[in-house]
1. Taking region B:699-722 as the region of interest, how many residues are within 14 Å of chain A (Cβ to nearest Cβ), surrounded by 17 or more Cβ atoms within 10 Å (Cβ to Cβ) and of a type outside the set (A, V, I, L, M)?
2. Being closer than 29 Å to B:Q364 by Cβ and modelled with pLDDT under 90, is that true of even one residue in region B:390-398?
3. Give me the residue from region B:632-649 that is within 16 Å of B:P665 (Cβ to Cβ) and within 32 Å of the chain's Cα centre (by Cα) and, out of that set, surrounded by the fewest Cβ atoms within 10 Å (Cβ to Cβ).
4. If I filter region B:787-800 for residues that are open to solvent by less than 50 Å² (accessible area, probe 1.4 Å), closer than 30 Å to B:H669 by Cβ, touching a Cys at 6+ places or on another chain (Cβ under 9 Å) and at pLDDT 85 or above, do I get at least one hit?
5. Which condition does A:I121 not pass, out of (1) surrounded by fewer than 19 Cβ atoms within 10 Å (Cβ to Cβ); (2) at pLDDT 95 or above; (3) within 16 Å of the chain's Cα centre (by Cα), if it passes all the others?
6. Can you tell me which residue in region B:385-406 is farthest from B:H694 (Cα to Cα), limited to those that are within 14 Å of another protein chain (Cβ to nearest Cβ) and open to solvent by less than 20 Å² (accessible area, probe 1.4 Å)?
7. Out of the helices (runs of 4 or more DSSP H) lying entirely within region B:699-775, which hold 3 or more residues that are at pLDDT 70 or above, outside the structural domain of B:R432 (by TED's automatic domain parsing) and of a type outside the set (D, E)?
Amino acid sequence: MQRNTLLEYRNYRYFKIASLLTISAVLAYLFDQPAMGAYGGSWLGYLFGILSALIVVVLTLYGVRKRLPSIRTERRNSLNASSPQQDVPDRRKRQASWLRHHGATLQGWLSAHTYMGIALIVLATLHTGFQFGWNVHTLAYALMMVVIISGCYGIYAYLRMPRLMTANMGGINTFNALLLEIDDLDKQASVKSLQFSDDICAVVRKARQETLIGGNFFRQLTACQRNCPTAKAVQQLRLLGKSLKYDQLKSFDDLFLIMAHKETLVRRARLDVMYRARLEFWLYLHAPLSIAFLTALIAHIVAIFFYW
Amino acid sequence: MTEKFKIAIIGAGPAGLSAAAHAAELGISHILLEAAQQPANTIHKYQKGKLVMAEPAVLPLRSPMAFAAGTRENILTLWHEDIQRHKVNLRLGAQVDGIKGERGHFQVTLSSGQSINAEFVVLAIGLQGNIHKLGIPGGDLPTVQYHLDDPEEFKDETIVVVGGGDAGVENALALAQQNRVILINREEEFSRCKEGNFNLLQAAIKAGRIEPRVSSRIDYIDSETGNGFLLRVVAKTSEGVEIIPCHHVIARLGASPPRKLLESFGVKFPNSDITSVPELSEQYESNVPGLYIIGTLGGCPLIKQALNHGYEVVEYILGNPVEPADEPLLKQKISCFDASCSVREGLTFIRHNAPILAGLTALQLRELLLESNILTPKPDDLIFKYDDYTSSFFSILEGELAVVVKAKDGSEIYFQIKAGNFFGEMGLISGRRRSATIKAITDCVLIETPRRSMLKLINSVESVRQKLDEVSMKRVVRNCLTNTLPESELNYLLQGATIRRYKAGDVLFHQGDKADGLYLIRRGSVIISQITAGKEDVLSYVITGNYFGEMALISDKPRSKTARAASATEVVLLKAPVVIASLERNTDLRDLLAARYRENAHDTKMIEPQDKPGNLFTFLIRQGVGEATDVLLIDYSLCIRCNNCETACANTHQGIPLFNREAGPTHSHIHLPTSCRHCEHPYCMLDCPPNVIHRSVNGEVFIADGCISCGNCKNNCPYDAIQMVAVNPKFKKPGLWQALTGGAYQSEKNSIAGDDSPKKAIKCDLCKDNAMGPACVRSCPTGAAIRISPEALSLTMRDSSAVLE
């Protein structure tokens, strides 16, 4: 029961539409020989411009749709048991069933958003006629490209991270459960360490107090803490264990295993934070820049009216 | 000293208070005897601030005692005022030991040695007066309690809770929030409590919040002063004698009709069942003339009914033929089909024309009718449609109806059913969609009984169950095998047939067993699996309305597969020799079974090499998906953990997400979030006092208005899918601007009202009012979330080659 990914949505419907659009645009561009050379002001240039602007509108609507999940709520007759023979009209039932099967899901929107966004690279570039300069028009183009490229990373992350995340959690259901387990190991280690020398206790205490999961942007994204006290504790315990008496070894092994297990779990927690950060951070670029791009685009459109 | 009254009323609960107040109102000499030190003792013992509901809403109140839904405190204040106002002759602390005599000459003796003479006695003692107590030394110490008012009064104490029933387990769970709790159960398992409580208890035991002692009983309790503890409990556990120092003992050992006491008064019971209530006349008079029984003990557990009983019983004693409070309501129902006949005649007519209801007592029939609708469809009117998700039960009083069944090959087959019959029992038993369309042929009169009332009846009246099973077996054979079997063949097939019931996980037959017959499923679902090379592979998933077990019958070999119930399952088992003999004569049936046999043989080959989907399916079944009709699954290889599903859910449901995406188990890449599965036989519906949990025609299980925040549904749900939340009625769906600026997330906080507003049970309703389907699925950006039924899931898993690894 493998589900279709957003790229495969409805048998690559939006890939087909976007490809068709892109190929026809390229062909048209190649065959068209405007008198003044290719530029945004030729009739084909205008066509590309209008098409691109429409696509931008559709792309923006995705952002709206995502945040307003229940944009369409049609009240059906709420049927309760006190009046079970009350019947939903067939027409409405069919309509509801049609909507369920054909109505756009957010996945459909995202599939269209992806392919149309990528098609925009070609369409908008053809619209420029490869004429760039230091002006608001090129600024709009540049912003658009940054937005699209960040979006491409987003698609990569959406397709890649989920599997890694599931594998990383290894059967633990929630992130909080993972943290609780780490906390529990910490407590066990503290109790165990009391029977050993002060330096062992200090190493364990330091690992408990100073180990960080998450933190600033960089730490979240790289999943590492420089000189991680837990990792260090495991290393140091390895050395410290050598100087112990034979009768302490069994107990020490227990402590070592707890710390080693904790290290694995800490690593898992950090990776989980990392995957989530990687799934999200690009949006902090993608969304604000798209607003900047829209502003530049409006400036661009307003500006061209002055050429007339 | 002997006093004399016209009416002695025993028990100052709602029923007794109402009777006494009415007697006082009429100036009749009366006495109200109450063993406790306060009237309405049981309601005093309710948890603080508990909301008391005035159900059933349709029933008018006729009592001098005021009553409307409100908090425990409000109601008690009102009643105390009423007692003063009507000058009720109330005697507290008066425990009744015996009643002798008959109409006109009763002698009531009290434990104080006093005796009272009365012409009539009204017993309104309910069940709570007969709470079982610890009959051991120390069982009456002040810190040994038999009820729990407010669990929050206890903090950081060690408390021993005794009793493995619902009350004990619920108390233990509530106390465990702030205390160390030791739960003592006489039995080896906590099998007496509701499944919801059982699951919560298991979780609490696992988490170490409750320390259970099973197969244990307390020997004696000492008051101990050392170590800061108040008590010392000496208990015999399975591991020997244990001494438990503690602060409190709370024993919840149950309550039952005080049968011995009643029998000593001469009252007879209809059967030996410990929970059965005495047989009464329509005027609440017991077999002892002049001794009346009302309230819970009279079979009506609701407060409003009890108050009405109190009023009516005094009128009956005075010889006034009052109509029962429900008379006008029943009259209205009966006038649907005959405006001229009285209620009594109407009831006789129903008894005569609906044999399935003939075995009911007068009170049961009245109650049933009150909860039912009378339908009078005209020719060609539709009663219900094939595939609708309704579950009420219909008895035909008059007229003829057509049953339109879809045969397995898609053609339509017609039957006729006439007055005296019933229909709709298949949906009732299976909890599934309707298997036929029913239309009226002539003018008809039908009684439509809701699912819950019918289930109650099936469980309490043996004759109803027998009649239902008898007819249902025939219909199951037709439905599962073929609709074209002649009646004679049907009767032959059913010789020696039995109905068997299984719990989820029970094995129906093992691989290698001798074939005992043909199995027809009338409720639940079954997994067929095969062990090859020591590994169990799931081969198929068979649901209600189908048969299995034919392979071994046809091939005359031992069972080649194992059948296991995937959820609570009921089958009709046709005996092997009968089936074989019938197959020899009946070529149609033989061809049908042979075709299935070949199909299955083919299936087996197709699925055998793929062991992995079987594993995933077994996992899901183990998680209870077998009893679901619609389960939310998330493909974790696509899910980007954005929680947009939860946000969308919150935005469509007063700002509160009705499921938890992250919680719940994961197997390979399939995650089963904690969310409602819209079970075939919803646990939440089992015990909803105001009866507001319903299933819509499309199958969604939802909670309608009128929740009394009792929390039963939440406790009964084994899947943790119901929350009790004080919903903010002012919640507004975030607008476009709010949504775009991130305000939608903040609005979630506004959705929970302050502490003082009442909590309500909320759960997933599959966005039933939204034509486009559930918001969670629609708003998943990567298409990871799906809602699917187990049978659709099993088909997808069998057909798709791209199965998850």
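1. Number of matching residues: 5.
2. Just the residues of region B:390-398 that are closer than 29 Å to B:Q364 by Cβ, to begin with: B:390-398.
When the remaining residues are screened for being modelled with pLDDT under 90, the result is B:390-391.
Yes, the conditions are met somewhere in region B:390-398.
3. B:L633
4. Looking for residues that are open to solvent by less than 50 Å² (accessible area, probe 1.4 Å), closer than 30 Å to B:H669 by Cβ, touching a Cys at 6+ places or on another chain (Cβ under 9 Å) and at pLDDT 85 or above, one finds at least one in region B:787-800, hence yes.
5. Every condition holds for A:I121 apart from (3).
6. To start, the set of residues in region B:385-406 that are within 14 Å of another protein chain (Cβ to nearest Cβ) comprises B:385-394, B:401.
Then drop every residue that is not open to solvent by less than 20 Å² (accessible area, probe 1.4 Å), which leaves B:388-390, B:392-394, B:401.
Details: B:D388: 14, B:Y389: 11, B:T390: 10, B:S392: 11, B:F393: 15, B:F394: 18, B:L401: 26 Å.
Restricting to residues being within 14 Å of another protein chain (Cβ to nearest Cβ) and open to solvent by less than 20 Å² (accessible area, probe 1.4 Å), the top hit is B:L401.
7. B:712-716, B:736-740
Quick grid of which residues meet (1) under 26 Å from A:S197 (Cβ atoms); (2) among the basic types (K, R); (3) assigned by TED's automatic domain parsing to the domain that holds A:S197:
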residue: A:T222; (1), (2), (3): no, no, yes
residue: A:L237; (1), (2), (3): yes, no, yes
residue: A:R268; (1), (2), (3): no, yes, yes
residue: A:A299; (1), (2), (3): no, no, no
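The values are calculated or read from the model by the stated rules, or taken from the named source; none is laboratory data. None of these values were measured; they are calculated from a predicted model. Cβ: placed from backbone, ideal geometry, glycine included. Neighbour counts: every protein chain shown. Keep in mind that these areas ignore ligands, DNA and RNA; they rest on the heavy atoms of the full protein, side chains included. Shrake-Rupley method; radii C 1.70, N 1.55, O 1.52, S 1.80 Å.
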